[in-house]
Amino acid sequence: MGYDFLPIEKKWQERWAREGIFNVEKDPGKEKFYCLEMFPYPSGALHMGHLRNYSIGDMLARFLMMRGLKVLHPMGYDAFGLPAENAAIKYGIHPNKWTWDNIEHMTEQLKRMGCSYDWRRRVETCNPDYYRWTQWLFLQFHHKGLASRKKAPVNWCESCGTVLANEQVINDGRCWRCATPVVKKNLEQWFLHITDYAQELLDSLDDLPGWPEKVKIMQRNWIGRSEGVRLSFALYGTDIRIETFTTRIDTIFGVTFLALSPEHPIVEYIAERSPARAEIESFVASCMAQTAREQAAAGAEKEGIDTGLLAVNPVNGQRVPIWIANYVLMEYGTGAIMGVPAHDQRDFDFARKYSIDVIPVINPPGEAPLDGATMTEAFDGDGIQCNSGIFDGMPSSEALPAMKDWFVSHGWGEKEVNFRIRDWLISRQRYWGAPIPIIYCDRCGAVPVPESDLPVELPLDIEMKPGSNPLEYALEWKNTRCPVCGGPGVRETDTMDTFICSSWYFLRFASPWTDKGPFEKADTDYWMAVDQYIGGIEHACLHLIYARFFTKFLADLGLLEVREPFTNLLTQGMVIKDGAKMSKSRGNVVDPDEIITRWGADTARLFILFASPPDKDLDWSDQGVEGAHRFLQRVYRLVESHLDGLREASAEKLPMEHLREKKDRDLKRRIHYTIDRVTRDIEEEKQFNTAVARLMELSNDLGSYSPSSEGEWRLFREGVEVLLTLLTPIAPHICEELWEMTGNEGFVSERPWPSLDESALAPDRVTVVFQVNGKVREQVELPAGMTLDEMQQAVLEADAVKRRLADKEIVRVIAVPDKLVNVVVKGQA
RNA sequence: GGGGAAGUGGCGGAACGGUAGACGCGCUGGCUUCAGGAGCCAGUGUCCGUAAGGGUGUGGGGGUUCAAAUCCCCCCUUCCCCA
């Protein structure tokens, strides 16, 4: 017959579904494992990145199930978002229909992959049963004062027609979704106060040994904690004070100017009093048109304008000019900086361009003192204080803490910890998202929708038009009653950032059917935290921080026991073809459907797991896929061509001590070596490519073993069954089929993982390497377990060694049991 | 500029400080063939050699060690993230 994979895969997928073998319920008496892959956006079809993500996750879930754990392995859809609106406009399909059609199609695809999900638990974030609770969570943030509306300069994507959070502005100030350059707008927006959790988000990274160091570093950098001093400069001749923050209070005597962000609120006040009012206003206008990244880039041209007004340095009363500068960002610190050109490169560039004084206050140790007039770059290293009053002569490393105390004790400022992470801007001026449950009332202000009125359902009878939010025109929906006073009210038409929806979906999987809350504590108490989370590294500073934030907040509400959602994180590498990431724009995509139709899901899964370790990039190779397919064919033939013998052979295993022949002992050893290595490769090393390699070796050895006696058949049967069981998490369909063909009952997917017979691992003979001065001279097969003395004897008798030892003085002999002997001699050997 | 990851055959990739190149792909030769992207056997880092056997070899250069792809220092290159 041969390996006819399509009907085989269909048959087993149907049987698994019929028997519901992957449905799981909590069982407090049993150890659990929560295995989760990042759920997809239902864009229409799976791509190779998904296939890789879900092959890895499914293999782990199936492996752990066979290891006897209660495995929660669910799947869902991150189903709100802009592409649905774009499709609606482009093809005239309602976002709702477009999304649900895609969800059904992608679910079919996942089933065709043979994934072991408990499909009863599927969630869709666009389902009112789900987003009801997203809205409920927003209200909890609101009650706790952690959701608020404020006016701020925000990132605006012209193409998406919406604002973006800071994390969502990437690569040279572009939109994370469409790569359009982001511009600034001053808008009133909803924010979640993630900064309240900044310190904990930072600290508890240390409690995550199961996360890649790389991701933790990225998060630490993103959170960006810095300790410094908040100080204010008086606006000369007024009572107004301008706040700044610095980590380098040791350079306070070197301040020669103050620089304000063009967006700083005080700029307006200053402009009114400045002789250069018109110039300031036009300068500010031109800055607002620049992208954030243009402003911040270290190499970018620094522009500024002198306001003609002065600020007073608190430590020495010195008056310094106030400038407005494009390189000062409103969103970092206070939006104003003290300019110390001698010790900060950006300030230095700016000062030189506009001929501002440069006053060195730290001299490099052991070198000539700096001269502000002639220095060519800022000095930001440690050195000796100068021009710093009573601190002159002190090493700057000591001066920093000393000056901090001195400064604070004089009441000029206070110590402050500053974070780079900003509050999370969550409003989106889009239709296809979870409505923010707020009603505006002229009398009562912004009023939260009562929990009993949730969900605030998205109206479906809307008209999609480019560049606008249909909710603005959905008057029947928009106009409502104020929940407090009953007067006329207007609904918030902004919807929530979809990252809100994905910040808690892993909790919903624990109790997807409950309507009493977002989840039931008894369920999350059992299932949480996620033991293994798998997904792309691109979410390092987005989803993964947001989800941690939500988890901590929910723990503080008493709704969760855990404070971290994901115990172990695996960030899979990209899928590469022809030297570049697979992408539509590069035209190097391979369609998962095509691969599964042509080669089968098992082949696709096997190739993906074999081609490279999960955290590294994977080079797609059509020939590699064929190779994977050939391996499965060989396994199929191996079983098919030995069917009668396998069926008749006793399932009773022969222990090692009953095996006499070398070939039998070698096979037995290979079988248990494979169990040992495959188990460790999957469980400890997370190195699935070598696990597959070990299975190929076992298969090769079984292929060259010709059983004839009853005992040999028993051994062969053990080998085949071990091969099929170990291969099941990787290529489940073919294994089920072969398992059934050999006359076994039930699903191999439900078999326990083979147990290791340690005694079968010990080798009878070993290849020992003889070296002279570290160079391999001979390889000899010796009985295992020789003493070091015996090994040394053996080495001196070996011809290749003897030849090189003539007339040489042996300095020492090093022997590693069962491995090698190295004879060290004087001079060249 | 800062941070991170990585550099090993023709290719994907293996190697607790202990035989470098497992496994697979590709290639070469042979066998077989109800010709299919099939199977089987042998070979395959490189240089010298018919061979036996040597030399050499993990981006480059130093170092530690009986022994280094692996540990330490310097340099080069590529990719990613952040400014």
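Testing A:Gln219 on (1) modelled with pLDDT of 90 or more; (2) out of contact with any Leu (no Cβ under 9 Å at 6 or more places or on another chain); (3) of a type outside the set (A, V, I, L, M, F, W, C); (4) within 15 Å of RNA strand B (Cβ to nearest atom), one condition comes back false. Which one is that?
(2)
Of all residues being more than 10 Å from RNA strand B (Cβ to nearest atom) and of a type in the set (Asp, Glu) in segment A:750-780, which is nearest to the chain's Cα centre (by Cα)? Just the residue, please.
Out of the qualifying residues, it is A:Glu750.
In segment A:1-25, how many residues are in a loop (DSSP other than H, G, I, E, B) and either at pLDDT 95 or above or under 15 Å from A:Met75 (Cα atoms) (or both)?
Residues in segment A:1-25 being in a loop (DSSP other than H, G, I, E, B) and either at pLDDT 95 or above or under 15 Å from A:Met75 (Cα atoms) (or both): 6 in total.
Of everything in segment A:692-705, what is in contact (Cβ under 8 Å) with a residue 40 or more places away in the chain and either hydroxyl-bearing (Ser, Thr, Tyr) or within 29 Å of A:Pro212 (Cα to Cα) (or both)? Give them in sequence order.
Selection gives A:Val692, A:Ala693, A:Ser699, A:Tyr705.
Take the residues of segment A:380-394 that are within 42 Å of the chain's Cα centre (by Cα) and surrounded by fewer than 19 Cβ atoms within 10 Å (Cβ to Cβ): which is nearest to A:Leu310 (Cα to Cα)?
A:Asp380
Which of the residues spanning segment A:608-620 are more than 6 Å from RNA strand B (Cβ to nearest atom) and out of contact with any Lys or Arg (no Cβ under 7 Å at 6 or more places or on another chain)?
Matches in segment A:608-620: A:Leu609, A:Phe610, A:Asp615.
Could you look through segment A:694-723, keep only residues that are farther than 17 Å from A:Leu638 by Cβ and assigned to a helix (DSSP H, G or I), and pick out the one that is farthest from RNA strand B (Cβ to nearest atom)?
Looking at the filtered set, the residue picked out is A:Glu710.
Residues that are surrounded by fewer than 19 Cβ atoms within 10 Å (Cβ to Cβ), farther than 30 Å from A:Pro95 by Cβ and within 16 Å of RNA strand B (Cβ to nearest atom): does segment A:358-372 have at least one?
no
What helices (runs of 4 or more DSSP H), lying completely within segment A:569-652, carry at least 3 residues that are among the polar types (S, T, N, Q) and at pLDDT 90 or above?
Correct list: empty, since no element meets the threshold.
What number goes with the only condition from (1) within 15 Å of RNA strand B (Cβ to nearest atom); (2) in contact (Cβ under 8 Å) with a residue 24 or more places away in the chain that A:Leu560 does not pass?
The number of the failed condition is (1).
Give the residues of segment A:404-422 that are in a strand (DSSP E or B) and not hydrophobic (A, V, I, L, M, F, W, C), sorted by residue number.
Selection gives A:Gly413, A:Glu414, A:Lys415, A:Glu416, A:Asn418.
Go through (1) among the hydroxyl-bearing types (Ser, Thr, Tyr); (2) within 20 Å of the chain's Cα centre (by Cα); (3) surrounded by fewer than 17 Cβ atoms within 10 Å (Cβ to Cβ) and name the single condition A:Thr597 misses.
Failed condition: (2).
Residues in segment A:639-651: is at least one crowded, with 17+ Cβ neighbours inside 10 Å and within 25 Å of A:Met113 (Cα to Cα)?
Scanning segment A:639-651 turns up at least one residue that is crowded, with 17+ Cβ neighbours inside 10 Å and within 25 Å of A:Met113 (Cα to Cα).
The values are calculated or read from the model by the stated rules, or taken from the named source; none is laboratory data. In this text, all values refer to a predicted model and were calculated from it rather than measured experimentally. Every residue, glycine among them, receives a Cβ derived from its backbone with ideal geometry; neighbour counts consider all protein chains shown.
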